[in-house]
1. Among the residues of the range 111-147, write down those that are of a type in the set (D, E) and farther than 30 Å from V64 by Cβ.
2. Could you grab me the full set of residues in the range 1-22 that are in a loop (DSSP other than H, G, I, E, B) and in contact with a Phe, Trp or Tyr (Cβ under 6 Å, 6 or more places away or on another chain)?
3. For the range 5-39, which positions are more than 14 Å from the chain's Cα centre (by Cα) and among the aliphatic types (A, V, I, L, M)?
4. Quick one: what pairs do we get from the range 28-40, first residue loosely packed, with under 14 Cβ neighbours inside 10 Å, second of a type outside the set (G, A, S), C-beta under 9 Å, 6+ apart or different chains?
5. Here are some conditions: (1) at pLDDT below 85; (2) within 19 Å of Q120 (Cα to Cα); (3) outside any loop (DSSP other than H, G, I, E, B). L25 meets all but one. Which one does it not meet?
6. Looking only at residues in the range 92-101 that are of a type in the set (A, V, I, L, M, F, W, C) and touching a residue at least 24 places away in the same chain (Cβ under 8 Å), which one is farthest from G36 (Cα to Cα)?
7. I'm trying to understand the selection: among the residues of the range 52-63, which are closer than 22 Å to R127 by Cα and either surrounded by 13 or more Cβ atoms within 10 Å (Cβ to Cβ) or of a type in the set (A, V, I, L, M) (or both)?
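The values are calculated or read from the model by the stated rules, or taken from the named source; none is laboratory data. Bear in mind that the values here come from a model prediction, so they are computed numbers and not experimental data. Note that we place each Cβ from the backbone using ideal geometry, even for glycine, and neighbour counts take in every protein chain shown.
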Amino acid sequence: MTANTADFEQRTKHTNVKFKKNDVLLARIPPCLDNGKTGYAYFLSEDEVACGSTEFIVLRGRRVPSEFYCLACSYPFRVNAIKNMTGSSGRQKVQHSCLDKYAVPLPPNSILDEFVQVVQNNFDQIRNLMSQNASLAKARDLLLPKLISGELTV
């Protein structure tokens, strides 16, 4: 669920596949789907829209919150998608329609709210740790050459 936004590029021309903050991105081709490639677009600002490959499906929470990203990573969910691939051998893809029929039992709202809060806290922690890792990597890249050259001593 992590993304290195430094690798992103700004484009003026976009694809038809658009996603927003907290959308779930599900790979629709093998072997990516087989390997569980699923993304959670937490890295966008509230008003930002991104575009990407046609090789993933955008899942946007309506009745099921986006924190059910965990569901899209689950083996039963992926198996359902894999079983419903269409196309010739080597060019098979998951169609949106097979996900429309996937039943998700919803718990009572109180339990759902508690789940969302726990997951959001975990996702926030992941974001914070990623940010700290990026800062530490910058500091390392700045200091290491100076240490090696002898400009700095420990």
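1. Passing the criteria: only D141.
2. M1, A3
3. A6, V17, I29 - these are the residues of the range 5-39 that are more than 14 Å from the chain's Cα centre (by Cα) and among the aliphatic types (A, V, I, L, M).
4. Pairs that qualify, where the first residue is loosely packed, with under 14 Cβ neighbours inside 10 Å and the partner is of a type outside the set (G, A, S), are P31/K37; D34/R78; D34/I82.
5. (1)
6. Going through the qualifying residues, I end up with L99.
7. Residues satisfying the conditions are G52, V58, L59, G61.
Each row is one residue, and each column tells you yes or no for (1) exposed (fewer than 12 other Cβ atoms within 10 Å of the Cβ); (2) in contact with an Asp or Glu (Cβ under 8 Å, 6 or more places away or on another chain); (3) touching a residue at least 24 places away in the same chain (Cβ under 8 Å); (4) part of a loop (DSSP other than H, G, I, E, B).
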site	(1), (2), (3), (4)
Y69	no, no, yes, no
G90	yes, no, no, yes
A103	yes, no, no, yes
S110	yes, no, no, no
Q117	yes, no, no, no
L129	yes, no, no, no
N133	yes, no, no, no
L136	yes, no, no, no
D141	yes, no, no, no
